[in-house]
Amino acid sequence: MTKVTMKVNGRKVGADVPDQTLLSEFLRENLRLTGTHVGCDTSQCGACAVHVNGKVVKACTALAVSLEGAEVTTIEGVANGELHPMQVAFNDNHGLQCGFCTPGMIMAGIDMVNRYREEGRELDAAAIRHELEGNICRCTGYHNIVKSIQDAAAKM
Amino acid sequence: MYETRYHKPATIDDAAALLSGNDEAMLLAGGQTLLPTMKQHLAAPGDLVDIRGIDGMAGIRAEGDTLVIGAATTHADVARSDAVRKHCPALAELAEGIGDAAVRNMGTIGGSLANNDPSACYPAALLALGGTVVTNTREITADDFFEGLFTTALDEGEIITAVRFPAVKKAAYAKFAQPASRFALVAVFVADGPGGVRVAVTGAGEDGVFRHEGLEAALSGDWSAAALDDVEISEDGLMSDFHGSADYRANLIRAMAKRAAEAASAR
Amino acid sequence: MTSGIGQNVKRKEDKRFITGKGRYTDDHRNDNQAYAAFVRSPHAHAKVLGIDAEEARGMEGVIDVLDGHQLTGDGIGNLICGWAITSKDGSPMNMGAWSALATDTVRYVGDAVAVVIAETNAQARIAAEAVMVDYEELPVVVHAIDALKDGAPQIHDNAPGNLIYDWELGDEAATDAGLAEAAHVTTLDLTNNRLSPNPMEPRSAVATYDHAEDHYTLYTTSQNPHVARLVLSAFYNVAPEHKLRVIAPDVGGGFGAKIYIYPEEITCLWASMKTNRSVKWTSERGEAFLTDMHGRDHVTHAKMGFDKDGRITGFKIDTIANLGAYMSLFSSSVPTYLYAPLMSGQYDIQNIHCNVRAVYTNTVPVDAYRGAGRPEATYLVERMMETAAREMGMDPAELRRRNFVQEFPHQTPVLMQYDAGDFPKILELAQEAADVAGFEERRREAESRGKLRGIGYSTFIEACGLAPSKAAGSLGAGVGLWESAEVRVNPAGTIEILTGSHSHGQGHETTFAQIVAERFGVPVDSVQIVHGDTDKVQFGMGTYGSRSGPVGMSAVVKAMDKVEEKVRQIAAHTLEASEDDIEISGGQVKVKGTDKAMAWHEVGLAAYVAHNLPDGMEPGLKETAFFDPVNFSFPSGAFICEVEVDPDTGQTQVVRFTSADDFGVIVNPMIVEGQVHGGVTQGIGQALLEQVVYDEQGQLLTGSYMDYTMPRAADVPFFDVQHHETPSPNNPLGVKGCGEAGAIGAPPAVINAITDAIGTNDLAMPATPQAVWRALRAAQKPMAAE
């Protein structure tokens, strides 16, 4: 067991956890932030995507204890008083159906928009599709997810 | 996962001490391979030694013509490094094609090389660029580093600290992804560097990454895609699985080599 | 009206999902939570000689280890298949015994033999590895054709030769005659590849037994919680219905895989009683590949005859369907009544005969997956049409046009009576949208880039809105396939709709509210949809087979009819007018041609305060209705796919995909189009990417996303979705259902396009780069030899 402290969604949190605790488990079981989902065992589906120190990371493939002092943002923390433009865009563009992959899609979407902007690259539809390689959706056929991210990118 | 003890040493010596004489200890860097393996109970290290807290383990710098990349540098950092893009854009492109954005934010060059997955990308770069692996005890040339599937010249407890890539005249990497995993089904790295033309193939070999002499000879004489049309690509020693039998992989070696050769010329 | 039928109302349910507040089964955790981990067979076929759980019992956190002998000893019944199929010789199907925990024999890799209950999930999993099972391996058979061979391993004693049934539909003699007189006969041998449904939320169950009340509560990932409760009670003897509450909360996709009641839910309920703990099990993805029901897996030989003008004279089909190691809940119906009746496609075919043999193999059971039988039929029919057109040198669209059914209703020789449609129109719509006229130019342009471009059609029909209960019963169904609804108008006028339909991505909370808003002129936000909880909602049949629209919504309409009648009576009484003069619109209940009116909520209040109701009227304003459809509904569509193939690698890219669909009346186009996008992508997945692969020992080679290829964003284009509405005459809204169309229609369009591009018809699904490269090379070889 190791005491781990981090800042999650702006709040300082800490717990004694077994060293092998994954960040996804820490969020879901210790903090009961169940918006971070686990859809595979091999780091491919992206339902667990969160931001660690501002970068998108798969929470199922990171040890909680290795993130001592980190700032973590989950789907529960992206709305700042009002919904984030990416959240609004997913609603406006029907970018979700069952909702299970959605938190990861939104976290990946925010990350890619920010990253491309920083690097001065154009985030067109083809780039969005490429950037979604690590996020699997079984419902939407991605059509409206891509549209949602395009829409949000214009508003962020 | 099975129980494990996590350590985050501050120095390379502390890390080495933790590994020393402990069969159950494993190095942890980005964890993008090790953690899924542990989740599936296919690995059960009693101790995990996280080297990401060690000063100088991450970072990219140019030493003259040589590019030095710290072992704990993430794929994302390699991909967007100005130094890498300037010295060896092929390497930046390779890094940009590993896994996905989230994986690239965690996975490291040292972890990839030490694991030597037969379908990983970095081994092809190291081998074709004629790079050098720097460890806490010595330096190992690319040609001496890879020893077969998931096997390298690293000794027990030996820790990669950095990787050096010499400047090359031209280079490019072409990858054909296995459709499901997105690892290389076959990928080819071509480079014309200080040691001449080197062509490394990953994803295809039963023993992991390998150099292809026929392709190297052809490109040495005439650096063009057309020069590779008649090179014999033997199926011997190539992997066969339901994603790609040996003959298909042999075809892809040629196709990817041609693409890489063209891309390198076009740069 | 901006929120009624036909409007793109944004989804009411989205907010909880985009903020991480969805509540899926695994998000529920009880105070006394324990965790289950299953001990699963590593062998595809073996005798279980003994189970030694002593070491596991002593491990940290372990509460109990339970096995199949205890389970059956407690009277828990075997899993059943609920649709009885009769072989053509009159004999009943051969259903082998399936215990939730195997007692003496395991029949596929992943078959559960015991369960460990522990304080934590990790402890349960680690202890499960310590349970020692003594197996005696038996010979294995994986492929359907091999299972029927002489000397094949025998999987169930009561199914000699592994044959479950040998069934037929249609007139064989007439079909043979039709083929004999044909000017041209096209013959095809096709495999319909085995798929894993892969809803992104893995299956999960949280079972809690209350000793004081002798009552069970099960949170589970179900598309049909009432059916789950019925089966758990009536067949598996877990608990009587009134002592079992089944809740399917937010469910992260189903696609068929969450229709069935699985061994894990049964075991968790029983284990909760045994251990006096709440027991939770959540599948890992690897476990899902090993245990979620698979789909498809047919091998078919078929012939279609044409006269000199290209009109179909006969269609004869011989299919072997692999049902896996056990018969899952609806497995028997998928390759029979959900398959053969679709063989007429959009075409006027007089002679059809379809023979189906279903067999056991040592693989995961196979059941309905999005489309269920209809994709298999459509793939065959539409590959047949395209192939025949090429063989006869005809335009594939023209061959289809010549054979289209033109008049409705249309009776096929395979049971179905098509209700409505306009097949030439939707084909024309698709051709225009897809710019078929410009294709040759696009092909030449692609060629200049070294790419092979091809175009392929699929004009298809579905039978949705399962199903008229009487008809289903006469065909062997163990249940009726109606749906229920309760419309509750609350005293202050807000409305709750209790529906047996279950929403796990379909957007019912919005679309069901839209039909109420349309009817009563109330805001969508004042309508709440209640579903997924057997304690809250009256018995209902759930969501599958594109039935929530045609059947589920129809039940709501029927209940609204009753509510409206009472509203009229109350308003007429209060406003002193004739019932016939009462009209409901814009939130008002008015007397026509006057300014006399009551606000909607005033009617609700009047019904509940009951101070001034017509003599003899009961207080309150809520009505229940059950809707039993008189016929299936028949959505139809025309898909046109364009692909580009890289001849160097065999890589195929779908570069253009056009769908023209007739779903009847559309309640919410945005949501309907979303269903098409998702369905088409699953169809493209089947055609290009997805395949469950076993080795000859029955080991699953595609046990994770490292080897089973899920469609990703870069694998598909934007879709062009067109609509043409011919209302179904068989339900009050005229809707037909839209959930499965994409998955049904897309695979042949994709394969027809690739085979057009590469100039050879010899290509099986999935058309992986390797498969396409091989097909190209095989086609080129004779040329090289010339």
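If you go through the range A:117-126 and pick out every residue that is touching a helix residue (DSSP H, G or I) at 6+ places or on another chain (Cβ under 7 Å) and either assigned to a helix (DSSP H, G or I) or buried (at least 22 other Cβ atoms within 10 Å of the Cβ) (or both), you end up with 1.
With respect to the stated conditions, C:Met93 is modelled with pLDDT of 95 or more, surrounded by 15 or more Cβ atoms within 10 Å (Cβ to Cβ) and farther than 16 Å from C:Thr267 by Cβ.
Within the range C:714-724, being surrounded by fewer than 22 Cβ atoms within 10 Å (Cβ to Cβ), touching a helix residue (DSSP H, G or I) at 6+ places or on another chain (Cβ under 6 Å), in contact (Cβ under 8 Å) with a residue 40 or more places away in the chain and not in a strand (DSSP E or B) holds for one residue alone: C:His724. Being among the polar types (S, T, N, Q), closer than 21 Å to C:Val356 by Cα and surrounded by 15 or more Cβ atoms within 10 Å (Cβ to Cβ) holds for only one residue in C:Asn162, C:Asn121, C:Asn158, and it is C:Asn162.
Here is a yes/no grid of residues against (1) surrounded by 18 or more Cβ atoms within 10 Å (Cβ to Cβ); (2) closer than 30 Å to C:Tyr694 by Cα:
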position	(1), (2)
C:Tyr379	yes, yes
C:Gln411	no, no
C:Met416	yes, no
C:Ala420	yes, no
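If you go through the range B:33-48 and pick out every residue that is part of a loop (DSSP other than H, G, I, E, B), closer than 17 Å to A:Val65 by Cβ and facing chain A (nearest Cβ under 7 Å), you end up with 0.
Among A:Val113, A:Val72, A:Val78, which is at negative phi, at the interface with another protein chain (Cβ under 9 Å from one of its Cβ atoms) and surrounded by 22 or more Cβ atoms within 10 Å (Cβ to Cβ)? From the options A:Val113, A:Val72, A:Val78, the qualifying one is A:Val78. If we scan the range A:53-66, do we find a residue that is under 19 Å from C:Gly505 (Cβ atoms), buried (at least 24 other Cβ atoms within 10 Å of the Cβ) and facing another protein chain (nearest Cβ under 8 Å)? Within the range A:53-66 (the criterion being under 19 Å from C:Gly505 (Cβ atoms), buried (at least 24 other Cβ atoms within 10 Å of the Cβ) and facing another protein chain (nearest Cβ under 8 Å)), the answer is no, since none of the residues qualifies. Of the helices (runs of 4 or more DSSP H) lying entirely inside the range C:1-108, the ones with 2 or more residues being over 30 Å from the mean Cα position of the chain (by Cα) and not assigned by TED's automatic domain parsing to the domain that holds C:Pro523 are found at C:54-57, C:68-73.
Which of the residues spanning the range B:214-267 are surrounded by fewer than 23 Cβ atoms within 10 Å (Cβ to Cβ), farther than 23 Å from C:Arg777 by Cα and not small (Gly, Ala, Ser)? Once the filter is applied, which keeps residues that are surrounded by fewer than 23 Cβ atoms within 10 Å (Cβ to Cβ), farther than 23 Å from C:Arg777 by Cα and not small (Gly, Ala, Ser), the range B:214-267 yields B:Glu216, B:Asp222, B:Trp223, B:Glu262, B:Arg267.
Of the numbered criteria (1) within 28 Å of the chain's Cα centre (by Cα); (2) modelled with pLDDT of 95 or more; (3) outside any loop (DSSP other than H, G, I, E, B); (4) not aliphatic (A, V, I, L, M), the one C:Glu398 fails is (1).
Please state which one of A:Cys40, A:Cys101, A:Cys45 is within 20 Å of A:Gly141 (Cα to Cα) and assigned by TED's automatic domain parsing to the domain that holds A:Leu132. I'd like the intermediate steps shown before the answer.
Values: A:Cys40 fails: assigned by TED's automatic domain parsing to the domain that holds A:Leu132; A:Cys45 fails: assigned by TED's automatic domain parsing to the domain that holds A:Leu132.
That would be A:Cys101, the only listed residue that is within 20 Å of A:Gly141 (Cα to Cα) and assigned by TED's automatic domain parsing to the domain that holds A:Leu132.
For the range B:15-30, which residues satisfy the criterion of being more than 9 Å from chain A (Cβ to nearest Cβ), touching a His at 6+ places or on another chain (Cβ under 9 Å) and either closer than 18 Å to B:Leu42 by Cβ or without any contact (Cβ under 8 Å) to a residue 12 or more places away in the chain (or both)? Of everything in the range B:15-30, just one residue is more than 9 Å from chain A (Cβ to nearest Cβ), touching a His at 6+ places or on another chain (Cβ under 9 Å) and either closer than 18 Å to B:Leu42 by Cβ or without any contact (Cβ under 8 Å) to a residue 12 or more places away in the chain (or both), namely B:Ala25. Screening C:Pro732, C:Pro711, C:Pro727 for residues that are buried (at least 24 other Cβ atoms within 10 Å of the Cβ), in contact with a Lys or Arg (Cβ under 9 Å, 6 or more places away or on another chain) and either facing another protein chain (nearest Cβ under 10 Å) or not small (Gly, Ala, Ser) (or both) leaves exactly one candidate, C:Pro711.
Pull up the range C:505-527, narrow it to residues that are assigned to a loop (DSSP other than H, G, I, E, B) and more than 14 Å from every other protein chain (Cβ to nearest Cβ), then point me to the one that is surrounded by the fewest Cβ atoms within 10 Å (Cβ to Cβ).
Of all residues in the range C:505-527, those assigned to a loop (DSSP other than H, G, I, E, B) come to C:505-507, C:521-523.
Then keep just the ones that are more than 14 Å from every other protein chain (Cβ to nearest Cβ); that gives C:521-523.
Details: C:Gly521: 18, C:Val522: 22, C:Pro523: 12.
Applying the filter and picking the extreme gives C:Pro523.
Going through (1) in a loop (DSSP other than H, G, I, E, B); (2) crowded, with 21+ Cβ neighbours inside 10 Å; (3) among the hydrophobic types (A, V, I, L, M, F, W, C) one by one, C:Ala559 falls short only on (1). Scanning the range B:61-86 for residues that are crowded, with 21+ Cβ neighbours inside 10 Å and not hydroxyl-bearing (Ser, Thr, Tyr) gives B:Leu67, B:Ile69, B:Gly70, B:Ala71, B:Ala72, B:His75, B:Ala76, B:Val78, B:Val84. When the strands (runs of 3 or more DSSP E) confined to the range C:146-220 are screened for residues that are polar (S, T, N, Q), those reaching at least 1 such residues are found at C:184-192, C:204-210, C:215-220.
Take the conditions (1) assigned to a loop (DSSP other than H, G, I, E, B); (2) touching a Leu at 6+ places or on another chain (Cβ under 6 Å); C:Val479 misses just one of them, which is (2). Determine if the range C:669-684 includes at least one residue that is more than 14 Å from every other protein chain (Cβ to nearest Cβ), within 31 Å of the chain's Cα centre (by Cα), closer than 28 Å to C:Phe719 by Cα and in contact (Cβ under 8 Å) with a residue 12 or more places away in the chain. No, every residue in the range C:669-684 fails to be more than 14 Å from every other protein chain (Cβ to nearest Cβ), within 31 Å of the chain's Cα centre (by Cα), closer than 28 Å to C:Phe719 by Cα and in contact (Cβ under 8 Å) with a residue 12 or more places away in the chain. Taking the numbered list (1) under 20 Å from the mean Cα position of the chain (by Cα); (2) surrounded by 22 or more Cβ atoms within 10 Å (Cβ to Cβ) in turn, B:Arg211 passes all entries but (2). Being charged (D, E, K, R) and either closer than 23 Å to C:Val524 by Cβ or buried (at least 18 other Cβ atoms within 10 Å of the Cβ) (or both) is the filter here; which residues of the range C:566-612 pass it? Residues satisfying the conditions are C:Lys566, C:Arg568, C:Glu583, C:Lys590, C:Glu602.
The test for being farther than 30 Å from C:Asp435 by Cα, among the aromatic types (Phe, Trp, Tyr) and facing chain A (nearest Cβ under 10 Å) does not hold for C:Tyr694. Could you please let me know if B:Ala92 is free of Cβ contacts under 8 Å to residues at least 24 places away in the same chain and within 14 Å of another protein chain (Cβ to nearest Cβ)? Yes. As a summary of the residue check, B:Ile98 satisfies the conditions (1) outside any strand (DSSP E or B); (2) out of contact with any strand residue (DSSP E or B) (no Cβ under 7 Å at 6 or more places or on another chain); (3) more than 14 Å from chain A (Cβ to nearest Cβ); (4) over 30 Å from C:Glu129 (Cα atoms) except for the one numbered (3). The residues of the range B:150-193 that are over 15 Å from B:Ala92 (Cβ atoms), more than 11 Å from every other protein chain (Cβ to nearest Cβ) and in contact with an Asp or Glu (Cβ under 7 Å, 6 or more places away or on another chain), listed by number, are B:Phe150, B:Ala153, B:Pro166, B:Lys169. Do we have any residue at all in the range C:639-657 that's buried (at least 23 other Cβ atoms within 10 Å of the Cβ) and among the hydroxyl-bearing types (Ser, Thr, Tyr)? Yes, the range C:639-657 contains a residue that is buried (at least 23 other Cβ atoms within 10 Å of the Cβ) and among the hydroxyl-bearing types (Ser, Thr, Tyr).
The values are calculated or read from the model by the stated rules, or taken from the named source; none is laboratory data. Remember, predicted model here, so these are calculated numbers, not experimental data. Methodologically, a virtual Cβ is constructed for each residue, glycine included, from the backbone with ideal geometry; neighbour enumeration extends over all protein chains shown.
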